[in-house]
Amino acid sequence: MKPVVISGTGLFTPPHSISNDELVAAFNAYVELHNQEHAAQIAAGEVTALEPSSSAFIEKASGIKSRYVMEKSGILDPGHMTARIPERADDEISVQAEMCVAAARDALTRAGKAPQDIDMVLVACSNMQRAYPAMAVEVQEALGIDGFGFDMNVACSSATFGIATAVDAVRNGRARAVLVLNPEITSGHLNFRDRDSHFIFGDACTALVIEAAETASGAHQWEILDSRLKTSFSNNIRNNFGFMNRFDEAGIGQPDKLFRQQGRKVFKEVCPMAAATIADTLTAAGLETKDVARYWLHQANLNMNLLIVRTLLGRDAEPGEAPVILDSYANTSSAGSIIAFHKYQDDLPAGANGVICSFGAGYSIGCVVVRKK
């Protein structure tokens, strides 16, 4: 088969960061207001008092210390608890497209490519800010790309599924080069009033240029050796927001229209699936775990990543084997593993093998084995 490479990666990091201490202060102020407002019902046993959160709890449960967001004042307002981002007119570039353009330009520069070298734009992420037109087509227009674009949603695995789709497009001649973009505004689906999840997510956008090895000229090329995609239906991570919500007014604004999960079940079920998928992909690529220099894993929970690597290697990861970015970015859904790849790849020598793996809602798992050229 025609060799295909990732020839460039890019990253857009939002301008605002929220520390655990800031987030906890806002959440606990909300809890105090809620409990005061419902004091009589709580005393009567009709309403359950809300419990405060703490930075220590958050870091122990997840490994997260802070997160980037597109807007922070609304999130930290105990009376509002969500970002304040004004709608834009139809003739203005949308927020997600603007993120994509910034990350795309970064990736194109690293790949030594121009927009006219790209034939296909794929926007793959957990949430699109509108139903249509496709975000990818707007990005295509903003960058001046003459080709085609479409959107894809496989939740946290959108980036790896996007890579596999792009590889197929290059190999079958559909596109000379593909721009894969992952604009995640996950603060938009997060319930900042829920103690168990208010700290999980952050915002970011990643980009990858994928092209035939024969046309690649950049200094940061990674050949894609093999990939495996896996899905298995589960309600343990779910969000019921959608265009049909307006059909039943009773459900509008209810907690199920935001992110929710059964965290312990997800941990127990997804970790072995992810480890098995990585092992299968390595075998298909003719490699063993001892041949892998680095694992760029989905950045959802530090304890999950530690367990997956321990399952694969039979030991804890050495420093640098499985880079962590969720401490400062939190869970950025599909962008997480690509942020880790973008930030922690340049130090590896030619011939080094690596694994990009994402896992999450669906369930969905995507694994891509790469080798530095």
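The values are calculated or read from the model by the stated rules, or taken from the named source; none is laboratory data. Owing to the predicted nature of the structure, the values given are computational and were not obtained by experimental measurement. Note that each Cβ is placed from the backbone with ideal geometry, even for glycine, and that neighbours are counted across all protein chains shown. The area values use the complete protein model at the heavy-atom level, side chains included, leaving out ligands, DNA and RNA. Shrake-Rupley method; radii C 1.70, N 1.55, O 1.52, S 1.80 Å.
Below is a table of values for the structure above.
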item: Restricting region 211-313 to GluC sites (Glu not before Pro) in coil, as DSSP defines it, with at most 14 other Cβ within 10 Å; result: E288
item: Computed over region 130-276: relative contact order in percent, which uses C-alpha pairs under 8 Å that are six or more apart; result: 16
item: Relative packing of 105-116, 33-44, which averages over residues the other C-beta atoms within 10 Å, highest first; result: 105-116, 33-44
item: Mean separation of Cα contacts under 8 Å, 6 or more apart, over the residue count of region 214-341: relative contact order %; result: 21
item: Label zone at E288, where the point sits 7 Å out along the Cα-to-Cβ direction: region 295-331 residues whose backbone N lies under 18 Å; result: 310-316
item: Separation of alpha-carbon centers, region 154-187 and region 2-58, rounded to whole Å; result: 30
item: Surface share of carbon and sulfur [accessible, 1.4 angstrom probe, percent] for region 222-372; result: 51
item: D (Stokes-Einstein, µm²/s), Kirkwood Cα radius, the chain, 1.002 mPa s at 20 °C; result: 101
item: Cut-off 12 Å between beta-carbons: net charge of the residues surrounding D146, Lys and Arg +1, Asp and Glu -1; result: -2
item: Euclidean distance of C-alpha centroids, region 191-226 and region 312-367, integer Å; result: 10
item: Under 9 Å, Cβ to Cβ, from G354 - net charge with Lys/Arg +1 and Asp/Glu -1; result: +3
item: Crossing angle, helix 20-37 versus the chain [Cα axis fit, 0-90 degrees, rounded to tens]; result: 30
item: Set of aspartates and glutamates near K65 by C-alpha distance (under 12 Å), chain-local residues within fewer than 8 positions excluded; result: D21, E22, D327
item: Region 65-140 pair-distance distribution - Cα-Cα, 5 Å bins, rounded %; result: 3, 12, 20, 19, 18, 14, 8, 4, 2, 1
item: Cα-based radius of gyration of region 222-372 once divided by 2.2 N^0.38 Å, which approximates compact folds; result: 1.15
item: Percent RCO, i.e. relative contact order, over the chain, from Cα pairs under 8 Å lying at least 6 residues apart; result: 23
item: Label-reachable residues, region 285-301, where backbone N falls under 13 Å from a point 7 Å from E318's Cα toward its Cβ; result: 290-295
item: Solvent exposure of the chain as accessible area per residue, Å², 1.4 Å probe; result: 44
item: Of K72/K113; K230/K372; K265/K373, pairs whose Cα-Cα distance is over 32 Å; result: K72/K113; K265/K373
item: Evaluated over region 223-297, the Cα radius of gyration and Dmax, each in Å; result: 18.4, 55
item: Peptide ranges 319-325, 67-73 listed from the most packed, as the mean C-beta count within 10 angstrom indicates; result: 67-73, 319-325
